[in-house]
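Take a look at the structure below.
Each value in this text was obtained by applying a stated rule to the coordinates, not by laboratory testing. No experiment lies behind these values; they were computed from the predicted model shown. A quick note on method: Cβ atoms are made from the backbone with ideal geometry, for glycine too, and the neighbour counts reach across all protein chains shown.
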Amino acid sequence: MTSDEPSEDDPRRSRAVSVASEILSRDGLHGLSTRMVAQRAGLQTPTLYRLFGDKQGLVDAVVHDWHRDHLRVQQSVAPSTDPVDDLRAGWDAHVRFGLSDPRLYTLAQGEGTNAAPPQPATEAVALLAARVHRLAEHGLLRVPEHRAVQLVLATGRGVTLSLLHTPEDERDLGLSVLAREAVVVALVGTDAAAGKVTGVDTGGVPDAGHGLALTRTVTQLLALLPRSSALSAAERRLLEEWLHRIGEESTDA
């Protein structure tokens, strides 16, 4: 950060990003010009360049703030006693937020920016990972945690983008529910998805089969292992390696 680069609460930055967001929401990238943003934000064009570097820097700031707002929405989803319902609630919040501003959602998912994911985006993924981890701790997860996180991310983004590319009067919002429930069943099985499993499940779910039951148990052990102090650091690393190998074998079987 240079001495001229503003913090997020700098009023000059806030005005410029707000104006740029409005233009991008209405007209997209092709409708954005730094001169227009500077005029509407009450700034000199050279000042805008000192603050953001160039037009791309301004776009990246808009994307950063979109992810910040998305993170706040996800953080507002209060955890319940049911980790499966919490996953559903996070999914629904993501889709609603995405549909609220189609152009910014598309932009935030990578169109028009080459920047690395901003910190709020990384934190949102970490929040999703924490929800998936709760599934593992409860013995509900049928796939490795990292695979579960990627499945939710890819499918949730894909469904939202598909809905956004459908004319608003033709959108079937039930598509999101169908996709969400398909992902939930893939992650926890039909019994847990229907709320028939409570507490810690050690496996043996009827629709899981031996391979999936083993994956479920291994995933739970990996999730709960940090709570144990019975092993040395070297012993824990070795056990984690064994469990990962067993889990990968059972998942690919």
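Computed from the alpha carbon positions, the gyration tensor of region 1-153 leads to an equivalent ellipsoid with semi-axes of 35, 15, 13 Å, biggest first.
The stretch between H165 and V177, if pulled fully straight at 0.36 nm per residue, gains 2.6 nm over its current Cα-Cα span.
Applying 1/(1 + (r/R0)^6) with r as the Cβ-Cβ distance of Q39 and S18 and R0 = 22 angstrom yields a FRET efficiency of 0.95. Near P79, within a Cβ-to-Cβ distance under 11 Å, what is the net charge of the other residues, with Lys and Arg +1 and Asp and Glu -1? Local net charge: -1.
For region 48-57, putting each phi into the Karplus relation 6.51 cos²θ - 1.76 cosθ + 1.60 with θ = phi - 60° gives couplings of 4, 5, 5, 6, 10, x, 7, 4, 5, x Hz, in residue order, rounded to whole numbers and with x for Gly and Pro. You can think of it this way: the chain between A154 and L29 has 42.6 nm of extra reach, that is 0.36 nm per residue less the Cα-Cα gap.
So if we plug the beta-carbon distance of R96 and R237 into 1/(1 + (r/R0)^6) with R0 = 45 Å, what FRET efficiency do we get, rounded to 0.05? Plugging the Cβ-Cβ distance into 1/(1 + (r/R0)^6) gives 0.60. Solvent-free Debye calculation, one equal scatterer per alpha-carbon of region 13-64: log10 I(q)/I(0) at 0.13, 0.27, 0.32 Å⁻¹ equals -0.22, -1.05, -1.49. A simple packing score, the average count of other Cβ atoms within 10 Å per residue, orders the peptides 31-44, 89-102, 129-142 as 129-142, 89-102, 31-44, with the highest score first.
Here the simple spin-label model places points 7 Å from the Cα toward Cβ, and for T122 and D191 these points are separated by 4.0 nm.
With 0.36 nm allotted per residue and the present C-alpha distance subtracted, the R72-R227 stretch has 52.9 nm of extension available.
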